[in-house]
Each structure stands twice: as C-alpha cells, then as structure tokens.
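The values are calculated or read from the model by the stated rules, or taken from the named source; none is laboratory data. What you see is a predicted model; the values in this text were computed from it and never measured. FYI the Cβ positions are ideal-geometry reconstructions off the backbone, even for glycines, and counts take in every protein chain you see.
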Amino acid sequence: MDVKKHFVTPVWKWLLPLFLAVAGTVVYAGSFYGVFILDDYSAIVGNMDVRHIAPIKIEWRFITDLTFKITYAIGGLNTAYYHAGNLVIHILVSLLLYGVLRRSLLLHSDLQQCAAAAPWLAFFTALLWLVHPLQTQSVTYVCQRYESLMGLFFLLVLYCFIRGLNPGSRNKRVWYDSALVSCLLGMGTKEVMAMVPAVIFLYDYVFSGDSLSEILRSRWKVYFIMCCSVGILMMLILMAVSRHMAAGSAMFTSMSPWAYLLTQAEVIVHYLRLVFVPFPLCLDYAWLPVDRINNVILQFSFLVILGIIAALAVWKRMVLGFALGCFFIILAPTSSIMPLGDLAFEHRMYLPLAPVLAIIVVCAYILCLRLDRCISDTSKIARAAAIVMVLLIAVLLGVLTMKRNACYHSAEFIWRDVVVQRPHNIRALTNLGIELLKSGKIEESEKVSRRLLTLLNTGAIDEKSTYRIDPGVLVHYQSATHDRLGFALLCAGKTTEAIANFREAVRLRPRDGIVRHNLSLALFLAGESDKAVAELRSLLTEGVGAEKTHALLGYILAEQGDYRMAVIHYRTAVEMDPSFVSAKCELAWILATCPSDDVRNGKESLRLAKEVSALTLHASYHALDVLAAAYAENGMYEEAVITAGKASNIIENMKVNHLQAGSTSHIRLQASIVKEISARFELYKQGMAYRDRK
C-alpha cells in the first residue's frame, strides 16, 4: 500500500477537522457560564502563586499551572476565560486524535479494508469522543485542565512518533525530536504522562512490523530519552509527596493495594457502562471500598478476560491488542494497585475513552462491509443509514453534554446533584452546606449540617459497608460540620446554640485558628466582647491567628472605644495581606472619623480609602462613604459631598432592586443607611468633618 498517497487527501476532506472544531464549540458553549467548584479553589482561586506568571517554579504539574497563570493574567478570576482555554485544549486533542486514528488505519495490514474510509472512521471516532458527556468533567470542571492538557501532550507525542515511524517520512529526525520535546513538556501536566513510553513502545511493536531487536536497535535513543523524562516526573512527584507529608497531609489512602485493585474492578466496569449509557454522571462519587473479591467477582472476571484477550492480541500484533492495551495502560496510574485517596473520578476516562470508541466504530464498519457483501444491492442505502445513525448518536451525546454542562452553572446545583446520587458523600454534604449558607438558605443549610453530623457520629459511611472513616479524617469533618452548623445558627439568631457548636468544634480541633476565630465572633455577637477579645488574643499568642484574627480584634476593640489598639491590629492585618479590602476600609474609616485627635490621620485615611474604592470599582456604597469621610477629614468638602451623593445613589438603586424582588428587610436596612449617609452629607455641605461616636 502506498501510505503516502492515502495521506494526501482531497481538499474537501480537510472540512472534517473543521467540523470537529465547530461541533466542540457548539456543544461546550454553555460551559462558559460554569463556576469554580471543589479543587478549583485550591488550584486557582486561593492559589496566590497563580496571580503572577514569574517566577515559574519547576514543580509537579508546573506546565498546567503556567497555563492557569496566563489565563489569570488575561482575565483574572472570570471563569469564562478558563472555560475558553479548556475548550480550546479539548478541540485540539480531538484534532490530534483524528490525525492519530487516520494514520493508524493506514499503517496496519489488518486494517487494509478500512484504508479507503480512514478519514471518515477517524472523524466519527473523534466526533463521538469530543461530544461524549463523560468528557464534561475534564472540560467543564476548570482545574481538570490537568487531565485534558495531559491528553493533549500525550496524543501529540503519539502523533509525532507516528509521523516519524511512517516509511515515507522525509523528516524522521524532526518528528522524533518533536515527540521527545512534547514528552518532556507533558511530564509537567499530570502523572499519567508516565505511561507515554509504554504506549509508544506498544504502538511501535504492533504497527511497525519490526522485530523487538530491530525496534530497540533503531529507536533506542527515543525510548531512552522518554524514560529519562519519566524519571524527571518521578522526581517531581517525590518532591510533592515529601511536601504533603511535611504539611501533615497524605496523597495516598491507607487502603491495601489488593483492596484498591478489587475496588477498581468495580469502578472500571462502571466507567465502561458510562461509555454506552452516559448517565447519571456524578462529580464526586465517594466510592465505597471493596474488601472481598466475592463482592466484585463478575467485574473482576470480566476485566481478567479482557486483559487476557489484550495480551493475546498484542502477542499476535493485532490492532485490537494496542487499543485494549492503551485502555489499561492509561488507567494504570489511577485504577490499578496504587491506593489514591479518591477511588473514582470520571475525568480519568478522558483518554481511555478514545480506544474504546475506536474499537466500536471500526468493528461497526467492518460489520457493515460484510453485510454489504451479503446484500450488495442495498449497500449504498446501508452506508447512508450507518452514517445517519452515527450522526444521530453524536447529536444525542451532544445534547446530553450540553445538559450536563448546565449543572456546572451553580455550585449549589452540582452539589445537590451529587447528594441525590451519593447520600453518604461527606464532602458533598459539606460543600452543599457551604453553598446554601452563601446563598442565604440558612434553614436548609442547618438541616444539611445536622444530617451530616448524624452521619459522622455513626462512624460509618454506609450501613451496607464495613468501611470506617479514618479517625483523623472523622475528627476533621466533625469539627468542620459543627463550625458550619454554628454559622447557620448564628445567622438564624440562635446565638447560644451557635456558641455551643463552635465550642465543640474547638474541642475537637483546638489548633484550628479558623474555628476559634468563629467562636470569638459568636461571643462578640452574643454581647460577650471581653471573652471574644481574650480568645482572639490567645489565638495570636499561640501563633495560629491570621490577618482575619487581627481584623476582627480591631473591629471589637473599636466598638469598645479602644481606637489606638484597633488601628494597630488593622494595620497588622493589612500588612499581612495588602489585598484585604475590608480591613483596609475599616482602618481608613477609623483614621478619618475617630473622635481622638491623636488617632486620626487624614492623609493615610485618604490614601487607603482611594485604594479601596478603586479595588471595588467605585461601585460599593460603603467604600464611597468611607472615601467621602476621608475627603472631609482632609478639608476637601466639595469632593466629600460629591462622593457621598454617589454612595446614596447606589443605595437607592439597590433599594429599587430589592423592592422589585419583594425583600422588605433589605429595604429597611438600606433606609437606615441612607439616613446615616444623608446626615453626613449635610455635615460636609456645612464644611464639617464627621466624627464616629460609638
């Protein structure tokens, strides 16, 4: 076969990759409205390193982290930019998959009957892979760019290697070098890249037709450098593990490798089911471990048989062997014997989905060819029907993907979805309680927290399971749940019960600064200011307090009239975190309005107030109110009047919005604020500064 001739396709066939790009854009357009969830907060939102491109630290997954830095530099924390980046990566991976499949279908002698339709078979496989709902977690869940970017480099290495392997290639060295560079860069995306050398060697063995000795003799340098890149990745992983251990956390579970393997037998079969029936999908399975082989004997036997088939097919250098081998090899780091903390995640099927779909599409095509031979007079109709069927399946999968993307538009909705599917999921219940608090659904948040406490106090995740929560993890979640319940009760006005829950949270984790900070806040709101101050000072003395501790202490001291110490603590908070807007705003207010002449500092107050107003885009009535007071303190009364007027206008607009929404409590609150600002407005008109007398 003249392979090169088949690669030079007519111009119209280049429309197939273009159609892939269009299909991916249409299906994932709705993902741009997705919000940050789960690990997005630690990887992006709360990761201060992401906010500066330089310096670039050569650490675990540093290439993916670099793309997050670039995205932040372009769009800040606007999720649309992150989703746009994920979509571009996903489309590029589908194009690489198309290229890999198209060339592979022309290289192997077993697939000569597929050569004429190679572009179409590659296109249909890539299309189904592109729009499959199982991919949403890798694309729409922002921080799973780790998975999709790894897939990009993984397939780029394979594509470049195939180009170098092609007998008619004129630039073998260039293609092999490109594969090696891609491999080295890919090691900075995700640890699954360690499987690249194994997949490349398997491809070489199955598709090249060379003997093992010839493969090693002619391409040993390629494999040597790839293995060296894996060594670099292992070094980065070991560094990451040592940091986690030093911080007192663990990347791996205490489960035995055998128990993990049994559990993964059940998980992998579940993954395969989702290929054919892609619903219901779940963000966070909290999969229950399996401790006896009797519980998964069917799944385990099925995978063993599949593994034997793969081994025999590889031995005979059949394409089926490469496809099944890829499936198992790529899943090996997460779904074999290495006990990871999370037993099941759908994003792990990002690349393994490709060989499964390729087997289905190619087998369906070969079956159609055999039917054509039996019923030759209807062959054109059969082919047209097959194409229509594949396109209809793609449309159905695309619709399901768009529907799934909509689930990511709200963190509350996605966690509700998880809780419905996995009622025992502690992490889901915890996050649902947080999101309910954020949205003001206090009563429902309280119910979720009480439900979670009941679950935790039993010590078991599920009545049907013998698995027990690790004691350290159990204490952490019990403390966090009491803390969350305390907040809900505090918002509901049940101060006494809230304090009791905060105290229990502190008892469980006495070194948790956040929980003790919240206890101090509850004590202050209950009118026990002295106890709150004592608790906060104790926190700072023990070295577990942070900038928020200083800010709260500053606020309470100001309420007690101790402005001098309040300023000291506010300044400390701002020094610890220059982006701490609320602390900066309160400090500016005291410096502008304090009754004590020796505390006020007009120049510093004006500087801070201008910074706060700019940070809030001049759209916060409180920031503008503080700025107006700072102007007045500096004798700039005309500016103070104008600024106070802007603050009043913002509140009036908010009042209209709440009136339309029927929120009378917010209207009453805003009316009192307007009255206060109006009183200050009159002072500024008379050329007088405002003094805050608590």
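The residues of segment 525-560 that are over 36 Å from the mean Cα position of the chain (by Cα), assigned to a helix (DSSP H, G or I) and not hydroxyl-bearing (Ser, Thr, Tyr), listed by number, are Asp530, Lys531, Ala532, Val533, Ala534, Arg537, Ile556, Leu557, Ala558, Glu559.
Summed over segment 366-405, the residues that are modelled with pLDDT of 95 or more and touching a helix residue (DSSP H, G or I) at 6+ places or on another chain (Cβ under 6 Å) give a count of 8.
Which residue is surrounded by the fewest Cβ atoms within 10 Å (Cβ to Cβ), if the candidates are limited to segment 108-121 and must be aliphatic (A, V, I, L, M) and in contact (Cβ under 8 Å) with a residue 40 or more places away in the chain? Per the stated criteria, the residue is Ala115. Being modelled with pLDDT under 90 and not aromatic (Phe, Trp, Tyr) is a property that holds for Ile58. Of the residues in segment 348-355, not one is among the aromatic types (Phe, Trp, Tyr), in contact with a Lys or Arg (Cβ under 8 Å, 6 or more places away or on another chain) and assigned to a loop (DSSP other than H, G, I, E, B).
Would you check if Leu436 is at pLDDT 90 or above and surrounded by 17 or more Cβ atoms within 10 Å (Cβ to Cβ)? Criteria met by Leu436. Hey, does segment 183-193 have a residue that's over 18 Å from Arg61 (Cβ atoms) and assigned by TED's automatic domain parsing to the domain that holds Leu95? No. Scanning segment 494-537 for residues that are over 27 Å from Val473 (Cβ atoms) and of a type outside the set (A, V, I, L, M, F, W, C) gives Lys494, Thr495, Thr496, Gly527, Glu528, Ser529, Asp530, Lys531, Arg537. Is it fair to say Ala534 is in contact (Cβ under 8 Å) with a residue 40 or more places away in the chain and of a type in the set (A, V, I, L, M)? Here the answer is no, as Ala534 does not meet what is asked.
Summed over segment 561-581, residues that are closer than 24 Å to Arg509 by Cβ and not in a helix (DSSP H, G or I) total 1.
What is the residue count in segment 292-319 for residues that are buried (at least 16 other Cβ atoms within 10 Å of the Cβ) and either more than 26 Å from His347 (Cβ to Cβ) or without any contact (Cβ under 8 Å) to a residue 12 or more places away in the chain (or both)? Number of matching residues: 5. Listed conditions (1) free of Cβ contacts under 8 Å to residues at least 12 places away in the same chain; (2) closer than 24 Å to Thr189 by Cα are all met by Leu66, apart from (1).
For (1) of a type in the set (S, T, N, Q); (2) over 21 Å from Leu38 (Cβ atoms); (3) in contact with an Asp or Glu (Cβ under 7 Å, 6 or more places away or on another chain), each residue gets a yes or a no:
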position: Pro257; (1), (2), (3): no, yes, no
position: Tyr260; (1), (2), (3): no, yes, no
position: Gln264; (1), (2), (3): yes, yes, no
position: Val269; (1), (2), (3): no, yes, no
position: Pro280; (1), (2), (3): no, no, no
position: Trp287; (1), (2), (3): no, no, no
position: Asp291; (1), (2), (3): no, yes, no
position: Ser301; (1), (2), (3): yes, yes, no
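Among the residues of segment 51-59, are any over 14 Å from the mean Cα position of the chain (by Cα), within 28 Å of Val157 (Cβ to Cβ), among the β-branched types (Val, Ile, Thr) and not in a loop (DSSP other than H, G, I, E, B)? No, segment 51-59 has no match at all.
It is to be established whether one or more residues within segment 587-595 are assigned by TED's automatic domain parsing to the domain that holds Glu633, polar (S, T, N, Q) and not in a helix (DSSP H, G or I). Scanning segment 587-595, I find no residue that is assigned by TED's automatic domain parsing to the domain that holds Glu633, polar (S, T, N, Q) and not in a helix (DSSP H, G or I), so the answer is no.
Report yes if Ile200 is touching a Phe, Trp or Tyr at 6+ places or on another chain (Cβ under 8 Å), under 20 Å from Glu147 (Cα atoms) and assigned by TED's automatic domain parsing to the domain that holds Pro339, otherwise no. Yes: the conditions hold for Ile200. With the condition kept exactly as written, say whether any residue in segment 190-198 is more than 15 Å from Leu97 (Cβ to Cβ) and either in contact with a strand residue (DSSP E or B) (Cβ under 7 Å, 6 or more places away or on another chain) or not in a helix (DSSP H, G or I) (or both). Checked against the condition, which is being more than 15 Å from Leu97 (Cβ to Cβ) and either in contact with a strand residue (DSSP E or B) (Cβ under 7 Å, 6 or more places away or on another chain) or not in a helix (DSSP H, G or I) (or both), segment 190-198 yields at least one hit. For Leu105, indicate whether it is touching a residue at least 60 places away in the same chain (Cβ under 8 Å), at negative phi, in a helix (DSSP H, G or I) and crowded, with 24+ Cβ neighbours inside 10 Å. So Leu105 passes the test. Looking at Ser211, is it more than 29 Å from Trp315 (Cα to Cα), small (Gly, Ala, Ser) and in the same structural domain as Pro352 (by TED's automatic domain parsing)? So Ser211 fails the test. Exactly one residue among Ile414, Ile387 is within 27 Å of Tyr82 (Cβ to Cβ) and either in contact with a Lys or Arg (Cβ under 8 Å, 6 or more places away or on another chain) or aliphatic (A, V, I, L, M) (or both), and that residue is Ile414.
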